[in-house]
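Single-structure report; data block below.
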Amino acid sequence: MNLVEVIREFKTDEECRKYLEFLRWPDGIRCNRCSSSNIRRLSVEVKIGRKGHKRTELREVIECKICEYQFTVTAGTIFHDSHLPLTKWFLVVALMCESKKGISANQIKRALGCQYRTAWYLCHRIRKAMESGDLFTGKLGSDGGIVESDETYIGGKFDRRRKRARYEKPAVMGMLERQGRIKVKMIPTASRKVLLDNLQAYVSEDVKYVATDELKAYKSLGKMFPHQSVNHGTLEWVRGDVHTNGIESFWSLFKRGLIGTYHQVSTKHLSRYLSESEYRFNRRKEHNLFSQTLGHLLTTDKMTYAELIEKNKEVVPF
Ligand SMILES: [Zn+2]
């Protein structure tokens, strides 16, 4: 579903609720407490809105005929405590699924006409749902394909004179299956042990070979997997099928997104931005990204605003 379709299909909160109901109970509603399917629908007047903007609205409540428990479609989900209308949630999910390089809280703020803080919090909760949806299943290269591995540092200019960055730059490792999936993660350092441990965790023994650059840390990789490398130092970037262009273009897309869209990202939140990019990349050929993401939002754990901002001091400038 693209943005235009989302806007057309979900004009009212009622339409959104119907859709969430379908996603939550595809085989018909079940009681939240006793799992009975013997339910009835009631119309109940509820008070909504914040102080000074309180209004009442008729809302459908589901009642279990067996245990008389009453609940709503959004009960126990992230949507329940939110004062934002569901139509706005739906719109932002669609925007985040659609934009290849990500979308900033400022763009969301303008699109929704809400406060920056509201937009920022909303984006992070959706990102968290994407993160929870990205469970790693099946090792990379298990179909006998080529896997590229590379590492990069995020943010800041390298200080040539002092031969190091002006602050500790977060290191990120990526493994990419040609024509397939990607796995990216923050790592403490790009040391031999860390890189090899991660390759062992995420790459299948059936891999055709692992393609890397000539980093010393990869020297003993040949003992674990068939290994091919290109020597960027001698300006060799491609030798036949051997190259790391796939993972490098992922880095450049990700970094351009950080620079052009977000401007700065704290190291604390970096892994969530990485997960968002990984999530979109791994689903780039799927057409139901929007409903999948809503599905993850229905099951993801709540994250309060206080949890999100705690110890949020470190910032990576660009
Ligand atoms: Zn019940």
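Points to keep in mind about this one:
- Picking from residues in the range 129-157 that are modelled with pLDDT of 90 or more and of a type in the set (D, E, K, R), the one that is farthest from E278 (Cα to Cα) is D143.
- The lone criterion from (1) crowded, with 18+ Cβ neighbours inside 10 Å; (2) of a type in the set (G, A, S); (3) not in a strand (DSSP E or B) left unmet by S229 is number (3).
- Qualifying position, being in contact with a strand residue (DSSP E or B) (Cβ under 6 Å, 6 or more places away or on another chain), outside the structural domain of R284 (by TED's automatic domain parsing) and either at pLDDT 90 or above or within 16 Å of the ligand (Cβ to nearest atom) (or both), among I48, I66, I39: I39
- Meets criteria (exposed (fewer than 14 other Cβ atoms within 10 Å of the Cβ) and touching a residue at least 24 places away in the same chain (Cβ under 8 Å)) for R8: no
- Cβ-Cβ contacts under 9 Å between residues 6 or more apart (or on different chains), taken from a first residue in the range 63-90 that is on the phi > 0 side of the Ramachandran plot to a second residue that is within 10 Å of the ligand (Cβ to nearest atom), are listed as G76/N32.
- Counted residues, the range 11-34 - those being within 13 Å of I62 (Cβ to Cβ) and free of Cβ contacts under 8 Å to residues at least 60 places away in the same chain: 10
- Single unsatisfied condition, E15 versus (1) within 16 Å of the ligand (Cβ to nearest atom); (2) closer than 26 Å to K128 by Cβ; (3) more than 25 Å from the chain's Cα centre (by Cα): (1)
- Test result for R30, within 16 Å of the ligand (Cβ to nearest atom) and surrounded by 14 or more Cβ atoms within 10 Å (Cβ to Cβ): yes
The values are calculated or read from the model by the stated rules, or taken from the named source; none is laboratory data. Not measured: the values here are computed from a predicted model. Cβ coordinates were reconstructed from backbone atoms using ideal geometry, including for glycine residues, and neighbour counts include every protein chain displayed.
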